[in-house]
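What follows is a set of notes on a single structure, which appears directly below.
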Amino acid sequence: MKLAEKIMELRKANAMTQEELASICNVSRQSISKWEADIALPETEKILLLGNIFHVSMDVLLKDELTLGEVKEVHSCGTNAVQGKKKEIYEGVLIKESVNDENIIDFLNIHKIELWNTGGKPKYWTALFFTSDKQDLPEQMAKVMVSDTEGGQNWFVDFKAGNEKYIVFKDKILKYRIGNQSEKENVCAECRKMGISDGEMNWSE
């Protein structure tokens, strides 16, 4: 089974359109069409991303003798690939457009992908629902978040680990214990200083 067939089968199995997959991979819809028609091959970094999105290994994607139906257990690609079960600590949602280095996705296990209509420009944001066992994930996230203080575009990502909630901006990590209202109010006060509205702080716990 060729890579082209596997990409198409995995995309359809996840109820994704070519446009949606193209947005996540940061390529054109025509590129996805060419991959699936076996006219062109994805770059190595895109194959890694596809493996992470669909939770299959590089071997499964690249070896023609392996079909998707024959693989009983697969693991996500990238530096977060694991053998067997490993405790996943962090859980949250990352807007792909909020980071300036997509290599951060290598640290995440992506469980669901949604396109959120912004009502403006860009038309959609790509929401990646993830878990991760990367011990220094908050520090890694703080390196890649988009920041534009003058333009009021300070992006943040929120996620939790156990009973701790993390709000991470560029070079700034905030956290509070879930259920501790005083600590949460202090974090919200810091978020307001970063230009975040109260409506944007309606994150899940």
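The values are calculated or read from the model by the stated rules, or taken from the named source; none is laboratory data. Everything numeric here is computed off the predicted structure, so don't read it as measured data. Here the Cβ positions follow ideal geometry from the backbone for every residue, glycine too, while neighbour counts run over all protein chains shown.
Descriptive notes on the structure:
- Selection within the range 121-145 - surrounded by fewer than 16 Cβ atoms within 10 Å (Cβ to Cβ), in contact (Cβ under 8 Å) with a residue 12 or more places away in the chain and closer than 17 Å to K175 by Cα: Q135, E139, K143
- Restricting Y176, Y166 to those that are over 12 Å from V99 (Cβ atoms), crowded, with 17+ Cβ neighbours inside 10 Å and free of Cβ contacts under 8 Å to residues at least 40 places away in the same chain reduces the list to Y176.
- Taken over the range 84-105, the residue count meeting the criterion of being closer than 23 Å to G162 by Cα and either modelled with pLDDT under 90 or small (G, A, S) (or both) is 7.
- Just so you know, in the range 152-163 the residues that are exposed (fewer than 13 other Cβ atoms within 10 Å of the Cβ) and not small (G, A, S) include one that is farthest from S98 (Cα to Cα), and it is N163.
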